[in-house]
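The values are calculated or read from the model by the stated rules, or taken from the named source; none is laboratory data. Just so it is clear, the structure is predicted and the values come from calculations on it, not from any experiment. Virtual Cβ from ideal backbone geometry, glycine too; neighbours counted across all protein chains shown. What goes into the accessible areas is simple: the full protein's heavy atoms, side chains included, and nothing from ligands, DNA or RNA. Shrake-Rupley method; radii C 1.70, N 1.55, O 1.52, S 1.80 Å.
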Amino acid sequence: MKQLNKNNFAMLLVWILVFMIFWLYPLIYSAILSFYDYHTLTKESNFVGFDNYLKMFSDKLFWKALLNTCIFTLGTVPFTTTIALVLAVLLNNNKIKFKNFFKAAFFIPSITSLVVLSLIFTNLYAKHGYINIILSSLSLPYPSMGWLLDTKTSLLSIMLMDIWSSCGYYMIIILAALQTISSSIYDSVRLTGASSFYTLIRITIPLLKPTLVFVLIINLIKSFQIFIEIFIMTKGGPLHSSTTLVYMIFVNGFDKTNMMGYASAISYFLFLFLLVFSFFQLSLIKEKKYR
């Protein structure tokens with residue numbers, strides 16, 4: 001028994017060390033940096049208290065980045081979740097042929113490198129890309145300089161790509177939950193003559209509520225952390241029309257200004273915002289569960 005406890009402790013020790021070095025230490029250190037005027041290149045450090053936070057709330061670009069992030073989140077999460085739910089319900093039907101093929105086809109974009117997807121869609125959205133060629137042939141309007149170089153369509157273009165690439169991942173999660181629902185429940189509902197739409201609204205979705213809430217939470221967190229697509233496709237432009245909070249953190253901490261203290265303040269705002277939001281969502285689940 002003692003030997004078993006020692007082995008368990010040794011196995012846990014590895015995880016604890018990794019957790020402390022790569023998660024806990026950066027978390028604490030970034031919190032400390034948020035109270036300093038720290039420059040990455042010169043390593044000049046001056047204690048400024050809450051000045052970085054006051055600067056953040058008075059920075060017009062911060063509010064622009066926060067608005068863009070919220071627009072991106074509200075414009076992708078509902079569509080991604082809805083499409084994933086519809087696809088999962090369709091693939092849960094035993095009458096559909098080549099189910100494994102469709103599962104793989106929808107899931108592959110979600111495991112493909114975001115850098116690769118971003119480069120592909122950058123070409124598709126270009127001035128002489130396939131999308132503009134198709135729209136031109138159909139005599140439909142399109143951005144003359146390309147979708148990513150227009151302030152009205154740059155963020156929208158990235159949102160559409162995100163919806164396309166993400167719905168397959170959430171589809172698999174919802175499909176796994178669907179397959180845990182007993183078929184006897186659906187058999188009982190069919191005997192009453194209920195329609196497929198009534199069964200979906202009154203039976204399937206209520207039984208999937210915990211899974212759907214989980215999908216919404218992780219989808220919201222992922223959307224608020226959007227970065228790679230912005231970095232590869234637009235660099236936050238044009239005119240900051242696609243600048244998000246995480247990209248703003250990167251620019252201030254590593255790219256141009258090298259103001260790590262200010263970047264840490266923004267990152268902690270985002271961390272605390274997502275933490276509070278996630279706890280709020282989980283508290284709602286618990287309240288409904290025990291009613």
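Would you please classify the overall shape of the chain from the alpha carbon gyration tensor, given that a ≥ b ≥ c denote the square roots of the eigenvalues, rounded means a/c under 1.5, and beyond that prolate means a/b larger than b/c while oblate covers the rest? Since a/c reaches 1.5 but b/c is at least a/b, the shape of the chain is classed as oblate. At most 16 other Cβ atoms within 10 Å and a DSSP loop assignment: could you name the trypsin sites (Lys or Arg not before Pro) in region 39-92 that fit? Listed in order of number, the matching sites are K43.
Count charges around N93 for me, please; just the other residues with Cβ under 13 Å from its Cβ, Lys/Arg as +1, Asp/Glu as -1. Don't jump to the answer; show the numbers that get you there.
On the way: positive: K95, K97, K99, K103; negative: none.
Surrounding charge for N93 is +4.
Which of rounded, prolate or oblate describes region 1-128 when judged by the alpha-carbon gyration tensor and an a/c cut-off of 1.5? Judged from the Cα gyration tensor, region 1-128 comes out oblate (a/c at least 1.5, b/c at or above a/b).
For the residue pairs K55/K152; K97/K127; K95/K209, the C-alpha atoms sit more than 31 angstrom apart in K97/K127.
In the chain, helices alone account for a calculated mean residue ellipticity at 222 nm of -21500 deg cm²/dmol, with every DSSP H run of four or more residues adding -39,500 (n - 2.57). In the context of the full set of protein chains, the chain has a per residue accessible area of 62 Å² (1.4 Å probe).
Projecting label points 7 angstrom from Cα along Cα→Cβ for A176 and T112 puts them 2.3 nm apart. Note on the chain: GNM, Cα springs under 10 Å; of I163, I266, I134, the largest mean-square fluctuation is that of I134. Under a Gaussian network description of the chain, with springs only between Cα atoms under 10 Å, the residue in F106, F273, F98 that fluctuates furthest is F98. Assuming charge only on the beta carbon of Lys and Arg (+1) and of Asp and Glu (-1), the dipole of region 1-82 about its Cα centre is about 320 debye to the nearest 20.
Note on region 134-274: Cα Rg divided by 2.2 N^0.38 Å, N the number of residues, gives 1.49. With the simple spin-label model, which puts each label point 7 Å out from Cα in the Cβ direction, the T42 to F22 separation comes to 3.4 nm. You can think of it this way: the chain between S184 and F50 has 42.3 nm of extra reach, that is 0.36 nm per residue less the Cα-Cα gap.
The label-point distance for I134 and N92, in a model that sets each label 7 Å from Cα toward Cβ, rounds to 3.0 nm.
Taking 0.36 nm per residue of separation and subtracting the Cα-Cα distance, full extension of the segment from R202 to F254 would add 13.7 nm.
If a/c stays under 1.5 just call it rounded; otherwise compare a/b with b/c (prolate if a/b is bigger, oblate if not). Do that for region 107-163, with a ≥ b ≥ c from the square roots of the Cα gyration tensor eigenvalues.
Working: a/c = 2.21, a/b = 1.76, b/c = 1.25.
Judged from the Cα gyration tensor, region 107-163 comes out prolate (a/c at least 1.5, a/b above b/c).
Carbon and sulfur: what percent of region 1-124's accessible surface (1.4 Å probe)? Display every interim value, and only then the final one.
Working: 6500 of 8740 Å².
Carbon and sulfur: 74 percent of the exposed surface of region 1-124.
What's the extension gain from Q225 to F271 if we count 0.36 nm per residue and subtract their Cα-Cα distance? Mind showing how you got there, number by number?
Numbers: separation 46, 0.36 × 46 = 16.56 nm, distance 0.99 nm.
Full extension from Q225 to F271 adds 15.6 nm.
The GNM of the chain, with springs linking C-alpha atoms under 10 angstrom apart, assigns the highest mean-square fluctuation among N93, N258, N219 to N93. Could you give the DSSP H helices of the chain that reach 30 angstrom or more along their long axis (alpha carbon positions) and whose average Kyte-Doolittle hydropathy is no lower than -0.5? Span-like helices, by this rule, are 60-91, 154-178, 260-289.
Our note on the geometry: Cα centres of region 263-281 and region 10-69, 12 Å apart.
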